[in-house]
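Step one of this worksheet: look at the structure below.
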Amino acid sequence: MESALTSKGQATIPKAIRDHLRLKPGDRVKFFVHPDGTVVLLPKLPPSALRGIVKPRRRRVSIAEMEEAAAAGAAEHVMPQKRR
């Protein structure tokens, strides 16, 4: 596939590539130039696109549980338990 460069330095990404990368108008892309001169174009994904890739290892914790754990940690830091 090929594309012509405009006087502004712009090129149209062929439809087959846009479809393959699921690019929509307004999406951003990144270009990587390799030492051998090849260029790779990848879609720039927002951080929200990573949501759900990794399964959570632990159950979700409530705000109350977080506060309780923080208080327990702070209390232990201030008053360490006596060792036998």
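Let's see how each residue does on (1) assigned to a loop (DSSP other than H, G, I, E, B); (2) touching a Leu at 6+ places or on another chain (Cβ under 7 Å); (3) acidic (Asp, Glu):
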position	(1), (2), (3)
HIS20	no, no, no
ASP36	yes, no, yes
LEU41	no, no, no
SER48	no, no, no
GLY52	yes, no, no
PRO56	yes, no, no
VAL61	yes, no, no
ALA64	no, no, no
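Scan region 30-78 for residues that are under 14 Å from the mean Cα position of the chain (by Cα) and not basic (Lys, Arg) and jot them down.
Listed by number, the residues that qualify are LEU42, PRO43, LEU45, PRO46, PRO47, SER48, ALA49, LEU50, GLY52, ILE53, VAL54.
Whether any residue in region 25-32 is part of a loop (DSSP other than H, G, I, E, B), modelled with pLDDT of 90 or more, surrounded by 10 or more Cβ atoms within 10 Å (Cβ to Cβ) and not acidic (Asp, Glu) is what I want to check.
No: region 25-32 contains no residue that is part of a loop (DSSP other than H, G, I, E, B), modelled with pLDDT of 90 or more, surrounded by 10 or more Cβ atoms within 10 Å (Cβ to Cβ) and not acidic (Asp, Glu).
The values are calculated or read from the model by the stated rules, or taken from the named source; none is laboratory data. Quick caveat: nothing in here was measured; it's all calculated off a predicted structure. Note that each Cβ is placed from the backbone with ideal geometry, even for glycine, and that neighbours are counted across all protein chains shown.
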